[in-house]
Amino acid sequence: MLSVQHLSVKYNPAKEPRALRDVSFSIQDGERVALLGANGAGKSTLLLSLVGILPAAEGTVQVDELQLDRTNLPQIRQKIGVVFQNPDDQLFMPTVFQDIAFGPRNYGVPEAEITQRADEILDALGISALKNRMVHKLSGGEKRLAALAGVLVMRPSLLLLDEPTSFLDLNAAKRLAECLRNLKQSCLITTHDLLFVKDLCDRFLFLDRGELRWNCQRQELAGYLADEGWEN
Amino acid sequence: MADLSSAMRSFCSLEQLAEGDSAFHRLSPGAKLTITVVYAVCVISFPSRSLSALVPFAAYPILAMALSGTPWKTLLQRIAVAAPFVVFTALSNLLLDRRALYFLGPIPVSGGLLSCLSILIKAFLCVSAVLLLVSTTSMTALTAQLIELHVPKIFCLQLTLTYRYISVLIQQAQQMYTAYQLRSCSRRGIQMRDMGCFLGQLLLRSYDQASRIYCAMKCRGYDGTYHVRNQPPAAAKDILTAGGAAAFFF
């Protein structure tokens, strides 16, 4: 589904250091992967480089059969949906429905189908009542789900979620985890919240100062965390 | 803090009014927009000294207010925000044209006084009409209608984004102000020496947020073109209402 090979990213193309160095991993269909790491490790940078917002200095990103380059950004961005850390960065239209319709309209989806897709997604996430609500009146949890709906409506095959539990209380985080568990899409979730991803994700990547330190299955996680001095 | 909170409340109150359901609310955004534009053009087109001709135009805001159930107090509060700019312009006329045209008993009535009153009345009427439009029409419907009228899409997108992010900006300013107050030994307001840093930080935060919003838009296929749903064609009642109102104003 997603294959990243020797990816390096620099914020300033003319200068070192690199924000990401020689990162390689892959995600299979339907797999949920957590991307862990300290602040400034390069997690958000990695997400933005997977959709071509930050160009790669070296290496390749391949989604299904499509290799990321400047010519196919619209197709790549239709296949990969990004949910940003702060929902206020993402929900820029006045109402929830208007925001959900923003992406499909850019891809020329007919209006009747947009409404149908929006209703389905809102129903699946349990937020149908928010459809015509003004975005700035929503709570943090509602904004997070509305932002997720705005991405899911484009039917991406891979979801990238940047710190999805920030601004959420425990109940809202549980509700979000339940929503993500019911999705068929593959997910790459960057987080500091181990509790949130421990049971939700199948695989765990650990990024340290721009380098991928480890890549393990759920059953191996405890051992790796103990090595980092993070055991409970 | 109180000022920012009240700004936020007043911002939300107009929006709540727009969600109402009345005969005036149910008119199509296009009809209301046409009525407002024709009304403003007619009001402005009167010569600066013809005050009595403006009197019949007061009927529209009064009628619209009654039909839409918009509270006059709310409307007057919003008009008061625009008042200082208008009053300043109007008062300058008093100084520029002091020649007496006629006398009301012992009181000389100058051309400046007449044009001052004319500016005040025209501004009051036009601002009332615009506020009545905004308080009975959602911003989404209004921008969609502007696009339908071939107003440049980039302008409509700017309007939508500005409208959406006013609340975020107010919240950010409020948070920064609270943090400032908590560490400022109970002084009231922001000290002048700190004002530059405060506004600079607010600007930088806004700039950062604008960059992130643009990234989020690109991630959802934005390529510089703003797409909106086509508006349904105007109904007969909307055309009749807009036409009747325009005929009355003319």
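The values are calculated or read from the model by the stated rules, or taken from the named source; none is laboratory data. Since the structure is predicted, the reported quantities are computational estimates derived from the model, not experimental observations. No Cβ is skipped: glycine too gets one built from the backbone with ideal geometry, and neighbour counts run over all protein chains shown. Quick note on the areas: whole protein, heavy atoms, side chains included, nothing else; ligands and nucleic acids left out. Shrake-Rupley method; radii C 1.70, N 1.55, O 1.52, S 1.80 Å.
Could you rank the peptides B:205-216, B:57-68 by their average count of other C-beta atoms within 10 Å per residue, with the highest value first?
On the way: B:205-216: 15.4, B:57-68: 17.1.
Top of the packing list down: B:57-68, B:205-216.
Just want to confirm a number: the relative contact order over chain A, from Cα pairs under 8 angstrom separated by 6+ residues, in percent. With pairs under 8 Å counted, the relative contact order is 28 percent.
Not counting the cut sites, what is the longest span of chain A without trypsin sites (Lys or Arg not before Pro) that DSSP labels loop and that have at most 11 other Cβ atoms within 10 Å?
Numbers: sites that count: A:15, A:184.
Longest site-free region, per DSSP loop and neighbour criteria: A:16-183.
Of all complete DSSP H helices in chain B, those with a Cα span along the helix axis of 30 Å or greater and a mean Kyte-Doolittle hydropathy of -1.0 or more are B:72-96, B:111-134, B:153-182, B:192-219. The modelled label-to-label distance between residue B:199 and residue A:65, using points 7 Å beyond Cα along the C-beta direction, is 5.8 nm.
Residues of the stretch B:222-245 with an amide N closer than 15 Å to a point placed 7 Å from the Cα of residue B:67 along the Cα-to-Cβ direction: B:235-245.
Percent of Cα-Cα pairs more than 26 Å apart in the stretch B:90-224, please.
Working: 5255 of 9045 pairs.
Summing the P(r) of the stretch B:90-224 above 26 Å gives 58 percent of all pairs.
Nearest 0.05, what FRET efficiency do residue B:206 and residue B:103 give at R0 = 56 Å with Cβ-Cβ as r? After rounding, the FRET efficiency stands at 0.50. Taking both sides together, the accessible area buried where B meets A is about 2800 Å² for a 1.4 Å probe. For the stretch A:24-116, the set of GluC sites (Glu not before Pro) satisfying both a DSSP loop assignment and a count of at most 13 other C-beta atoms within 10 Å is given as A:65. Extension gain, residue B:26-residue B:49: 0.36 nm per intervening residue step, less the Cα-Cα distance, totals 4.6 nm.
Provide the per residue accessible area, probe 1.4 Å, for the protein assembly as shown, rounded to a whole number of square angstrom.
Numbers: 24190 Å² over 482 residues.
In whole numbers, the protein assembly as shown has 50 Å² accessible per residue.
Within the protein assembly as shown, the proportion of C-alpha pairs whose separation exceeds 34 Å stands at 49%.
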